[in-house]
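What follows is a set of notes on a single structure, which appears directly below.
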Amino acid sequence: MLLEFIINIAYLAGSLAFVWGLRLLSSPDTARKGNIVAGSGMVIAILAALFQPIEGASNNYLWIAGALAVGAAIGLVSAKKVQMTAMPQMVSIFNGLGGACAVVLAYAELFPFYEGSKPLDLAGLSIVLSALLIGGVSFTGSLLAYGKLQGLVNDSQVALPRHSAINLALLAVTLGLGIYLAAAGSSGSLALGSLFMALSLIYGFSFVAPIGGADMPVVISLLNSFTGLSAAVTGLIYGSQFMLVGGILVGASGTILTVLMCDAMNRSLLNVLIGGFGGGGSSSAAGQADGLVAKEVSLNDAAIQLFYASSAIIVPGYGLAVAQAQKVCKEVDELLEKNGVEVRYAIHPVAGRMPGHMNVLLAEADVPYPKLLDLEEANAALKDTDIVVIVGANDVVNPAADDDPGSPIYGMPVLKVWDAKNVIVLKRSMSPGYAGIQNPLFFHDKTRMLFGDAKDSLAKLAGEIKSL
């Protein structure tokens, strides 16, 4: 009796740690502590589960300890070796593994059920099938998202003509089979259950296939919510309140984040899921480069403009992450601050390859959080800013979103950097961004281009500023 009480208290403590950790994760200043608190909650829950008496269980702690050791080693090595640019891929893989766990656990319940050794009522069987479906979609969908982010898979290689119609048909068949299995109960078969699992895995892959690269941040958030839901459903299977609470927290936060990301792009979730965004189009923005020439700026001129400005805003993008230039960027920031220049950072919600990518990147360089401006704050400040430095951002500063109805990104809230007095864009080349469309900003009267690797350009810029 006492042991059961202690175990329940441990589960409660773990759940509270999850909630507190999630709360701390809402701010970059406390995010590290939030990870530690939530991780501690998971450790408490695992220990409680190990000591919880289960009738008929063999309690083979050696196998359990071995699995924990292997998983911890893989996670530790992966976390230490992963580059900041590959963080979205890592999130996708770990997210997919959560879905895979739900699939394995749910499928393991079907064996004894169809063998007749473990009865399941309609509700119980429906829960098992739901875990198979949601976990399967999360698993294979996350794997394909990883492939796209890593550059291993191109949209054209996996997207078929009228792919949205194919997805609807595949989903209808999968759901139809699931409903039949739930209604048939023990009259069904393991073979049909296996087919249902296979269709769920196929649908997960097909679900992500037509979604364009520019929508990957939204997809990652959505798949994260699926993983949370699969964990919650698995918690129902085993009567684990901790799994249920943890899954609901992940599912709810992932869903909220998905909605916020869609709002930041001024697009509906349905529009994202239909796919196709990121492959260009008939936008007139793509043709605005015709007859126009981008004007370059020398390092010395750029340094002088920054040095004698009263205010500057830096706009980080994926190019900053690719070049690993965040610490050099912070050095330029400090040099300007010493000369009395007010330096801040404008963060677009979908900049980078996953939600919060730029926040994490700048936190790694110890940029104070109060210097980071969100979209609305940045647009209000840009009107009174002397100079804007864009480091690797593209689509989130594209004026076509504001003034070109023919653009695929028209209506998407963007950083209105052209409202500032001067704009300097650090970029490797004139290639389009992740959305696959040209950016008229590069040819704007206020804009000057500084070509080259972002880290190298910023390092040289810092040297020029020091010499002034």
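The values are calculated or read from the model by the stated rules, or taken from the named source; none is laboratory data. This is a predicted model, so every value here is computed, not measured. Cβ: placed from backbone, ideal geometry, glycine included. Neighbour counts: every protein chain shown.
Values as computed for the structure displayed
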read-out	value
Hits in segment 332-344 - residues which are more than 11 Å from Val367 (Cβ to Cβ) and either touching a residue at least 24 places away in the same chain (Cβ under 8 Å) or not assigned by TED's automatic domain parsing to the domain that holds Leu306 (or both)	Val332, Leu335, Leu336, Asn339, Gly340, Val341, Glu342
Sole residue being assigned by TED's automatic domain parsing to the domain that holds Leu249, of a type in the set (Gly, Ala, Ser) and farther than 24 Å from Tyr238 by Cα, chosen from Ser206, Ser186	Ser206
Qualifying residue in segment 25-43 (condition: surrounded by 16 or more Cβ atoms within 10 Å (Cβ to Cβ), touching a strand residue (DSSP E or B) at 6+ places or on another chain (Cβ under 8 Å) and of a type outside the set (Lys, Arg))	yes
Among residues of segment 1-47, those that are in a helix (DSSP H, G or I) and over 30 Å from Asp374 (Cα atoms), counted	22
Failed item, numbered, when Leu195 is tested on (1) of a type outside the set (S, T, N, Q); (2) assigned to a loop (DSSP other than H, G, I, E, B); (3) closer than 24 Å to Leu125 by Cβ	(2)
Leading residue by the ranking (nearest to Ala321 (Cα to Cα)) among those in segment 397-413 that are at pLDDT 90 or above and crowded, with 23+ Cβ neighbours inside 10 Å	Val397
Where a residue in segment 135-161 is free of Cβ contacts under 8 Å to residues at least 24 places away in the same chain and its partner, wherever it lies, is part of a helix (DSSP H, G or I) and surrounded by fewer than 23 Cβ atoms within 10 Å (Cβ to Cβ), with Cβ under 6 Å and at least six apart	Val153/Gly147
Restricting segment 425-446 to residues that are surrounded by fewer than 22 Cβ atoms within 10 Å (Cβ to Cβ) and in contact (Cβ under 8 Å) with a residue 60 or more places away in the chain, the residue that is farthest from the chain's Cα centre (by Cα)	Phe443
Qualifying positions in segment 121-168 - over 23 Å from the mean Cα position of the chain (by Cα), of a type in the set (A, V, I, L, M) and assigned to a loop (DSSP other than H, G, I, E, B)	Leu160
Inter-residue pairs, beta-carbon under 6 Å, first assigned by TED's automatic domain parsing to the domain that holds Leu201 and modelled with pLDDT of 90 or more and in segment 104-130, second buried (at least 19 other Cβ atoms within 10 Å of the Cβ) and charged (D, E, K, R), 6+ apart	Val128/Glu109
Residue list for segment 141-163, restricted to those being under 10 Å from Ala209 (Cβ atoms) and among the polar types (S, T, N, Q)	Gln157
